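Each remark here refers to the structure printed beneath this line.
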Amino acid sequence: MARGRESWYEDEAGPLVRSYAVTGGRTRSDTRGLDLITLVVALRTANETPGLEPEYSRILSLCQRPVSVAEVAARVDLPLPVVKVLLSDLIERNLVLFRTATPVTDAPSPHVLQAVLDGIRKL
């Protein structure tokens with residue numbers, strides 16, 4: 001911490017309260033299944049939704065084309081859990097759509113994979 005002054009700011013780490021303040025104290029997003037490879041896309045631009053906090057506006061601007069949650073977090077320079085909370089808020093407000101990857105349980109059966117392999121071998 002900076003010498004001679006009491007502050008919630010550390011020179012190397014940056015503001016210590018920012019993430020907490022940005023999310024309104026929430027640390028977890030709703031159970032939307034957002035992970036690193038979930039794709040998100042904005043339904044509106046930041047200009048079409050006045051009154052949004054700056055972090056929400058930045059996320060909407062980044063999501064004008066489908067982009068992964070990990071990429072959003074990297075570009076807005078916020079921790080991943082914070083970005084997930086903000087994205088969940090935007091999803092609830094119907095400003096962002098999301099698409100999760102196919103769960104592993106939905107993988108094709110071994111029988112289908114064998115049939116595809118057999119078909120390829122016949123070529």
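Only the coordinates and a few stated rules stand behind these numbers; no lab work does. Everything numeric here is computed off the predicted structure, so don't read it as measured data. No Cβ is skipped: glycine too gets one built from the backbone with ideal geometry, and neighbour counts run over all protein chains shown.
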### Query
How much FRET efficiency would the formula 1/(1 + (r/R0)^6) give for residue 92 and residue 70, where r is the Cβ-Cβ distance and R0 is 25 Å, rounded to 0.05?
0.75
### Potential lengthening between residue 80 and residue 44 on full extension [0.36 nm per residue; Cα-Cα distance subtracted]
10.7 nm
### Summary
Any residue on another chain or 5+ positions along whose placed amide H is under 5 Å from the amide H of residue 96 is listed here as 43, 91
### Message
Per-residue counts of other Cβ atoms within 10 Å, averaged by peptide: what ranking do you get for 39-51, 58-70, 79-91, highest first?
### Response
79-91, 58-70, 39-51
